[in-house]
1. For R47 and R401, what is the calculated FRET efficiency with R₀ set at 51 Å and r taken between the beta-carbons, to the nearest 0.05?
2. Going by alpha carbons, how many degrees (0 to 90, nearest 10) lie between the helix axis of 220-229 and the longest principal axis of the chain?
3. Hey, what do the phi angles of segment 34-45 turn into as Karplus ³J(HN,Hα) couplings, whole Hz, using 6.51/-1.76/1.60 and θ = phi - 60°, x for Gly and Pro?
4. Could you tell me the calculated FRET efficiency between R227 and R438, based on Cβ-Cβ distance and R0 = 56 angstrom, to the nearest 0.05?
5. How many percent of DSSP beta bridges within the chain run antiparallel, rounded to 5?
6. Check V189: other-chain or 5+ apart residues with amide H under 5 Å from its amide H, H built from backbone geometry?
7. Can you list the aspartates and glutamates whose alpha carbon is less than 19 Å from that of K154, not counting same-chain residues fewer than 8 positions off?
8. Where Lys and Arg each count +1 and Asp and Glu each count -1, what net charge lies around P167 among other residues with Cβ under 12 Å from its Cβ?
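What follows is calculated from the coordinates using simple rules that are stated; it is not laboratory data. Model, not experiment: these values are computed from the prediction. Please note: Cβ atoms are built from the backbone with ideal geometry, for glycine as well, and neighbour counts cover all protein chains shown.
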Amino acid sequence: MRFSSRLLGDLAGRFEHLKAPASEAPAAQQDPRVAQRVSEMLGEIERAGFDAVLRYARDLDGWDKPDVELSQEAIRASGDALTPEHRAALELGAERTRRFADLQRAGLSDAEVELAPGLTTGYRYVPVQSVGAYLPAGRFPLTAGAFMTVGVAKAAGVPTVVACLPPGKNGEADPAVVYSAHLSGVDRVFVLGGVQALAAMSFGLLGEAPVDMIVGAGNAFVAEAKRQLFGRVAIDLLAGPSEVAVIADETADPELVAADLLGQAEHGVNSPAALVTTSRELGKAVIEEADKQLSSLATEEIAGPAWRDFGSVTWAQDRETAVALMDDLAPEHLEIQTADDDYYHDSLRNYGSIFLGTWSTVAYSDKGMAGTNHVLPTAGGARHSAGLSVSRFLKPLTYQRVSKDATPLLAEAVETISDYEGMAAHQATATLRLERLREGDAR
């Protein structure tokens, strides 16, 4: 998440870096060693099948049980291991995410129009038939991931959704992640991590046909496996390290801004966090506040290097410059904390999801409380793509219905175009119908 050199040239004199990233390396960089290792694993699993999956599960995840699938009883009972407060919080997140997904689905309506007398066209939204969701559960068991993937797929009407999660440090499936999947309507759950999980779902090695689509976040190996499996199956998007950016002015609270920047830096040591501000004083105060908060943060060993190496603070001379800088960054998460949030909301175009006002924070979406999806484009992907939503699981399938009376206009035009292009077989499909029409075919 860096400014492009061309934009910086265009805006020369209108901005100033108060804190630049210490590292020159991009935060999300494809490692050829990771790509090679993933390619080897996928090839071996495709050749050897489920035996290779189990071998990787044992060697990489420490899974030594004969079965990788959780029983339906275990899935239903997963919430019993949680406190009532934890269960209630997860239930709230699942419900809100589902409600927002239902809203999106309601806005996608089938349609039909008669383009010309006798020529009827339309489209229907049809869900993919099966989805495989990867649910991260490593150092941080990200429980809301199931809401965003399993739950949204079910809201779209996907009949079969299976989920895989790696075992935790205790060698067992994390009960909160499983319970979140249960609340989201998952059909089957497997304790499998990493490349072997995505391969097993994509190759049809889990007692189901190969899934049509794989979704969900993960580490560099998971991201690379999705990259290499794309085409064989659909994917949601290729997400890199989590990103946050904030636009703030002199009215913002530096303590809250710093906290929100560090809240996303906590995701990983290469997670970028950027502040664009129209107030030099606010920018300097946020830098000081971030250092102060890091000194007592339990996850300083993650957020500290991320802020040092990939954090930035940039002063912009006016709000138009702030918008230009931020649209160039195209961050995954974008917070607006200003005296005129509506201006920025109306003006900005490139972001994964936007959080408006002092009382909005990315963490609310991360944990499922805001209802919106947190599977979002990173590394500038927001310039051209949106995040995961109900629409990603739906295929807008078109259809055409042509009457006999509408045939002459269509067929004669196709004859003319096909003759020019030299495509005789195309021409014949139209000519034959014209001949049938002239012969009085009553069909």
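1. On the way: r = 46 Å, r/R0 = 0.91.
Between R47 and R401 the formula returns 0.65.
2. Tilt relative to the chain: about 10 degrees.
3. Per-residue couplings from phi come out as 5, 4, 5, 5, 5, 4, 4, 5, 4, x, 5, 5 Hz.
4. Working: r = 55 Å, r/R0 = 0.98.
Once rounded, the FRET efficiency stands at 0.55.
5. Working: 20 of 54 bridges.
In the chain, approximately 35 percent of DSSP beta bridges are antiparallel ones.
6. Here L70, A163 satisfy the definition.
7. E91, E95, D102, D110, D187, E208, D212, D236
8. Details: positive: R58, K65, K169; negative: D61, D64, E172, D174.
Every neighbour counted, the sum reads -1.
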